[in-house]
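Q: Take a look at this one; I'll ask things after.
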């Protein structure tokens, strides 16, 4: 029996090799998001084509458009794409529906065990990997060392929210157009919604109790939102209710923010002297907490997945192995320097002495390791995910909730009103979906 | 007798009209100017108008990232194809409505217009499923058909109002002369209708070029037009005003040039029967 | 004039357009109606192949019962109404101005017409970032220059901002049609009244405006059709936040963001009903004007 199985595998491997040798060059259509690391990957596609003979057609879209596009395609089994770029939220849901090709047979050389456990865990369903992380991120504090010094304060490695609020107010200088702190207020579950959810975790709040009842009527949520609004009113930039990742990045690069708590991948942009006017004055720290044992950092990965039913599965796997391999990291390091390699996906990257020399490497890893999607809240919750709840209804609900929050940030309604509406619409939607 | 116009009045008119014209045009002008700046100059305070280091680096960056020509070509084929097909089908319909009107002509016309009020997003799933069944996903043929159908009511209506301006007496005269239906259309109507058809073609080319819902949702790589091109620039990381401007300029330049050079033609027919 | 022969020929010529549009309307409409009575949550694995559960009118009551429904109808009507008023009023004034003798009339007309050629996505992006950005936008620079606090356009004046962007896009269309109408006005008639010494306002009210009524009707009709379904301008600027969620946008959220096709389809049916109410209303006013 055992030998039989072994010989079958051997046969399969031989057949596979033979197939790949014979297999004609394919043209892969890949949908991806327009983030810097993906754009860089597009530029390096020639290397993949040279190695495998396959060519690639890129469909690069802004995040919201990409989501709507790939979701429509996967739910209707449209087959427009051979590889889709998706995140930690979509992967387990799609994987459990059987819409993705399991990535449990990647080559020995690829060394799937090297993928950071936090990332692999978030991109799996029932222990099967359904998407390979291209880069992973958590969130952390990026701050201006010069402004911090001028304010006569010193950033601890793991600050508390009260320290951050105090520092933000101290660093603010409206006349010099310096805002103590820049945070996301933009509506959208992946924008301001992600930030406030991660922040609320550290205040002891949660989205749902164990019976899936919305929790926006709790004191923890009202504390979170009031703290946020008060701090941003005193020390945030004008119009923060419409600021997302990109807007804040641009403000920070122009030297208009004292602190910025956001995705760890931003570290390489703010320290890049080509784009950033403050590249040599940036320090890093863990996202703040409130002494409750949970920090306010999230966990996310942009990953590559293959829709079930594609005709080009073998070639698609070859591409995924190429793009998420250590070889690709070496390729980018060689061409663009170590600071620009896709971070947060592989353990070996953080053991590499070349990479350890990058100023934000260690803090990124620490942030990633301190986020736990399975235990993201102080009180127990029924969902998996740090800045989201991995249920199909979440994206829709959280976008509406974050719109209510943004309206409160803009002063169109009070925090209490926003929370009341959020509570009602969340319970409504959960009822419609049959949870309650 | 011409109206007496003093030079003062003409000057005042000119100044006011030019100011308003430039104000309305300013967002486009500013976009074009910004596309030639560096990212830092693009957000300079005070804003820089003409005296900055003109650079083409944004265009180079955009072109390096996406193959502009392919998007452009798709836009031309899709907008052109849908307009052409639409006109071929709409001309006979509009002709018969204008010259052989029945009691129901106006109802049919208004019904056609009302189909345009169907919210596109509400029928995305049905259309997507149909496209999968017919194998039309990410094909230019599929988009040509959809955009043709979307603009058909406008085409029919424009042509109808234009045809109605043609005096019936001319037709009757030609019929007296024993002209056949074919001759009537070919030799009598066509020459008179041509300007109207031309401006209909122009308007619909513009509408099809700018359609951003179906062109984005029914394409992937092969048939993606310029609306998809711009969708990958809407929120790049970091400073992006200059690159956004370059991409925007590239997306609108062809239709802007077409519009400018043909605006006389377009305006002539863009009356929807309003003039009477 | 029409003979039996030409009648049937006319029918034949009309057939392709009518049949195609009928198909384009009926097929999606039937499917939308069908979905609207079903529970269809694609992310939960519902699909046509698996069979969909019949839920009666639940989607309809839920869509209307949502706290977002009435505000969205209101937002839709405010945007459509405001843009119509702005474009017709400013369009009339601009058309009157462009009708006056001046130097470089052709160029001014080109300047004014240009926004009409710009893709809605592009104009949304350009306005949002380069003009309305409260820190780097040119309007913020302008406000600061005059010593004022820059306005946070898209959050503090969200509706006004959207209306401004959309009006900017549609003003050229209104202006052009109204201009053509003014230019067709019998100049002898005008001169006669001028000789009579009729005051400018009176002349406008009694001669020019009645002459333009048909053109204004056309502008309102065409623009309403397009404005009821504006989407891109909202998608790229506020994404439906700050009270700018129109009915179209709400349906988009239900179908694509929440992935609830049944609920969204019910919303689609409501949108069709709203569109038809507006249409009937319009036809009442417009229809008479379109007859000659």
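Every number here is computed from the coordinates shown, using simple stated rules; none is lab data. Here the structure is a predicted model, which means the values were calculated and not measured. Don't worry about glycine lacking a Cβ; one is built from the backbone with ideal geometry, like all the others, and counts go over all protein chains shown.
Q: Using packing as a proxy for protection, rank C:72-80, B:178-186, A:402-410, A:355-363 so that the peptide with the highest average count of other Cβ atoms within 10 Å comes first. List each step's numbers first, then the result.
A: Values: C:72-80: 19.6, B:178-186: 12.8, A:402-410: 26.8, A:355-363: 16.9.
Top of the packing list down: A:402-410, C:72-80, A:355-363, B:178-186.
Q: Along Cα→Cβ, 7 Å out, is where each label goes; now give me the distance between the ones at residue C:148 and residue A:25 in nm to one decimal.
A: Between residue C:148 and residue A:25, the label points sit 6.0 nm apart.
Q: Let me ask something else. Could you tell me which of rounded, prolate or oblate describes the stretch C:34-290, using a ≥ b ≥ c as the square roots of the eigenvalues of the alpha-carbon gyration tensor, with rounded for a/c under 1.5 and, failing that, prolate when a/b is larger than b/c and oblate otherwise? Don't skip to the answer; put the middle values down first.
A: Working: a/c = 2.93, a/b = 1.63, b/c = 1.79.
In terms of gyration-tensor shape, oblate.
Q: For the protein assembly as shown, what is the percent of antiparallel DSSP beta bridges, rounded to the nearest 5? Could you put the intermediate results ahead of the total?
A: Values: 29 of 42 bridges.
Taking every DSSP beta bridge within the protein assembly as shown, about 70 percent pair in antiparallel fashion.
Q: Give me the extension gain from residue C:191 to residue C:160: residue separation times 0.36 nm, minus the current Cα-Cα distance, reported in nm with one decimal. Numbers along the way, then the final one.
A: On the way: separation 31, 0.36 × 31 = 11.16 nm, distance 4.04 nm.
So the chain would gain 7.1 nm between residue C:191 and residue C:160.
Q: Let me ask something additional. Summarise the partner chain shielding of C:245-256 as one whole number: the mean count of Cβ atoms from other chains within 10 Å of each residue's Cβ.
A: Details: counts 2, 1, 2, 5, 2, 3, 5, 7, 6, 3, 9, 12.
Counting Cβ atoms of other protein chains within 10 Å of each residue's Cβ and averaging gives 5.
Q: Let a ≥ b ≥ c be the square roots of the eigenvalues of the Cα gyration tensor of chain B; is it rounded (a/c under 1.5), or, if not, prolate (a/b larger than b/c) or oblate?
A: oblate
Q: Separate question: By how many nm would the segment from residue A:162 to residue A:49 lengthen if fully extended, with 0.36 nm per residue of separation less the alpha-carbon distance? Before the final figure, lay out each step's value.
A: Details: separation 113, 0.36 × 113 = 40.68 nm, distance 5.22 nm.
Between residue A:162 and residue A:49, full extension yields an extra 35.5 nm.
Q: Still on this structure, I have one more. Take the alpha-carbon centre of the stretch C:223-248, take the same for the stretch B:23-44, and report the distance between them in whole Å.
A: Taking the Cα centre of each part, the stretch C:223-248 and the stretch B:23-44 sit 26 Å apart.
Q: Another question about this same structure. Measure nothing fancy, just the Cα-based angle from helix B:241-269's long axis to the longest principal axis of chain B, in degrees from 0 to 90, nearest 10.
A: 20 degrees
Q: Label residue B:23 and residue A:176 with points 7 Å out from Cα along Cα→Cβ: what is the distance between them in nm?
A: Taking the two extended label points, one gets 3.9 nm.
Q: Next question. Going by average Cβ neighbours within 10 Å, how do the peptides B:217-224, A:98-105 rank, with the highest at the top?
A: Working: B:217-224: 22.1, A:98-105: 17.4.
Result, highest mean first: B:217-224, A:98-105.
Q: Additional query: Which residue fluctuates the most in chain C, going by a Gaussian network model with Cα springs under 10 Å, if the choices are C:94, C:139, C:20?
A: Between C:94, C:139, C:20, it is C:20 that shows the largest mean-square fluctuation.
Q: Hey, another quick one. Before anything else, pin down the relative contact order of chain C: Cα pairs under 8 Å, at least 6 apart, normalised by residue count, whole percent.
A: Working: 303 pairs, mean separation 83.9, N = 292.
Relative contact order here is 29 percent.
Q: In addition: Please identify, among A:284, A:195, A:227, the residue showing maximal mean-square fluctuation in a Gaussian network model of chain A using a 10 angstrom Cα cutoff.
A: A:227
Q: Now for a separate question. Under 16 Å from a point 7 Å along the Cα-to-Cβ line of residue A:347: which residues of the stretch A:100-122 have their amide N that close?
A: Of the residues in the stretch A:100-122, A:109-122 have backbone N under 16 Å from the label point off residue A:347.
Q: According to a simple spin-label model (label point 7 Å from Cα along Cα-to-Cβ), what is the distance in nm between residue B:102 and residue C:213?
A: Going by the 7 Å Cα→Cβ label model, 3.2 nm.
Q: Related question: Between residue B:84 and residue B:261, what FRET efficiency follows from the Cβ-Cβ distance if R0 is 22 Å, with the result rounded to 0.05? Before the final figure, lay out the partial values.
A: Numbers: r = 19 Å, r/R0 = 0.88.
The pair residue B:84/residue B:261 has a calculated efficiency of 0.70.
Q: Now a separate question. Let me make sure I get this right: for the stretch A:274-350, a, b and c are the square roots of the gyration tensor eigenvalues over alpha carbons, sorted descending. Under 1.5 in a/c it's rounded, otherwise prolate if a/b > b/c, else oblate. Which is it?
A: Numbers: a/c = 2.84, a/b = 1.48, b/c = 1.92.
Because a/c hits 1.5 or more and a/b fails to exceed b/c, the stretch A:274-350 counts as oblate.
Q: While we're on this one: How many partner chain Cβ atoms sit within 10 Å of a residue's Cβ in peptide A:209-217, on average, as a whole number? Working shown, then result.
A: Working: counts 0, 0, 0, 0, 0, 0, 0, 0, 0.
Mean inter-chain Cβ contacts per residue within 10 Å come to 0.
Q: Can you grab the distance from the C-alpha centre of the stretch A:195-234 to the C-alpha centre of the stretch A:164-188, Å, no decimals?
A: Spelled out, the Cα-based centre of one part sits 20 Å from the other.
Q: OK, next. Percent relative contact order of the stretch B:128-270, based on C-alpha pairs within less than 8 angstrom and at least six residues apart?
A: Details: 92 pairs, mean separation 47.0, N = 143.
Worked out over the stretch B:128-270, it gives 33 percent.
Q: Could you sort B:122-128, C:222-228 so that the peptide with the highest average Cβ count within 10 Å comes first and the rest follow in order?
A: Numbers: B:122-128: 23.3, C:222-228: 21.0.
Averaged packing, sorted descending, gives the order B:122-128, C:222-228.
Q: Hey, another quick one. What's the FRET efficiency of residue A:414 with residue A:210 using the Cβ-Cβ distance as r and R₀ = 22 Å, to the nearest 0.05? Before the final figure, lay out the partial values.
A: Working: r = 29 Å, r/R0 = 1.34.
Between residue A:414 and residue A:210 the formula returns 0.15.
Q: Separate question: As a check on your grasp of the helix formula, calculate [θ] at 222 nm for chain A: sum -39500 (n - 2.57) over DSSP H runs of n ≥ 4, divide by the residue count, round to the nearest 500. Before the final figure, lay out the partial values.
A: Details: 19 runs with 196 residues, N = 436.
For chain A, the value works out to -13500 deg cm²/dmol.
Q: Sticking with this one: Select from B:176, B:158, B:117 the residue whose mean-square fluctuation is largest in a Gaussian network model of chain B (Cα-Cα springs shorter than 10 Å).
A: B:176
Q: Taking each residue in B:201-213, count the Cβ atoms of any other chain within 10 Å of its Cβ, then average. What number comes out? Don't jump to the answer; show the numbers that get you there.
A: Working: counts 0, 0, 2, 0, 0, 4, 1, 0, 2, 10, 3, 9, 8.
Counting Cβ atoms of other protein chains within 10 Å of each residue's Cβ and averaging gives 3.
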